[in-house]
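Structure first, then comments.
The values are calculated or read from the model by the stated rules, or taken from the named source; none is laboratory data. As the structure is a computational prediction, the values presented were derived from the model and not from experiment. No Cβ is skipped: glycine too gets one built from the backbone with ideal geometry, and neighbour counts run over all protein chains shown.
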Amino acid sequence: MRAMMMHFALSAALVSGLGKPVAYRFPTDAETQKKGKTILEVENTAFNDAVVYAVQGLRVQRLGTVSGFTVQQFTVPKEMVFSSTQLRFAVHPIGSRSNAVSDEIMVSAGEKVNLFIPPF
């Protein structure tokens, strides 16, 4: 059911032509939450490599680079995620002038957040 909802949300975003990253999260198990490590899994379906940033208010933190057509995981810094925080994720494709920012998403410590980067 959860996979079907995710597939529906991603399909709707691509069909509407938004062309911006879509962030979503999955419920995590108790063991992962105890560790307090927040993971961002990025799925880049674009050809270009992209630099991924976490944005909290005016604070911007570079998380790393994702190659084209790959999936990669990053750890969100603990100082950006405390109790329950609203985050955005910015994507800058290397070799392009365009930047894209996801909608705000509520993130708690120990959660796994997924970021889908559509083709630009």
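Taken over region 37-83, the criterion of being in contact with a strand residue (DSSP E or B) (Cβ under 8 Å, 6 or more places away or on another chain), of a type in the set (D, E, K, R) and under 14 Å from Val107 (Cα atoms) is satisfied by Lys37, Glu41, Lys78.
For region 97-120, a residue qualifies if it is basic (Lys, Arg) and within 14 Å of Val76 (Cα to Cα), and exactly one does: Lys112. No other residue among Gly17, Gly68 is modelled with pLDDT of 95 or more and under 17 Å from Asn99 (Cα atoms) apart from Gly68. With respect to the conditions (1) in contact (Cβ under 8 Å) with a residue 24 or more places away in the chain; (2) more than 14 Å from the chain's Cα centre (by Cα); (3) under 15 Å from Lys20 (Cα atoms), Phe82 falls short on a single one, namely (3).
Would a scan of region 29-46 turn up a residue that is of a type outside the set (A, V, I, L, M), outside any strand (DSSP E or B), modelled with pLDDT of 90 or more and surrounded by 16 or more Cβ atoms within 10 Å (Cβ to Cβ)? For region 29-46, residues of a type outside the set (A, V, I, L, M), outside any strand (DSSP E or B), modelled with pLDDT of 90 or more and surrounded by 16 or more Cβ atoms within 10 Å (Cβ to Cβ): absent. Cβ-Cβ distances below 7 Å connect the following pairs, each with a first residue in region 20-45 that is closer than 16 Å to Val81 by Cα, a second residue that is surrounded by 14 or more Cβ atoms within 10 Å (Cβ to Cβ) and at pLDDT below 85, and a separation of six or more residues or different chains: Tyr24/Met6. The residue of region 74-85 that is nearest to Tyr53 (Cα to Cα), among those that are surrounded by 13 or more Cβ atoms within 10 Å (Cβ to Cβ) and touching a Lys or Arg at 6+ places or on another chain (Cβ under 9 Å), is Val76.
Taken together, Gly110, Gly95 contain a single residue that is more than 11 Å from the chain's Cα centre (by Cα), in a loop (DSSP other than H, G, I, E, B) and crowded, with 18+ Cβ neighbours inside 10 Å, which is Gly110. Val81 fulfils the conditions (1) at pLDDT 90 or above; (2) closer than 20 Å to Val101 by Cβ; (3) out of contact with any Pro (no Cβ under 7 Å at 6 or more places or on another chain) except for a single criterion, (1).
On inspection, Arg88 qualifies as at pLDDT 95 or above, closer than 19 Å to Ala50 by Cα and either among the charged types (D, E, K, R) or surrounded by fewer than 19 Cβ atoms within 10 Å (Cβ to Cβ) (or both).
If the condition is being more than 21 Å from Gly36 (Cβ to Cβ) and basic (Lys, Arg), then region 89-113 contributes only Arg97.
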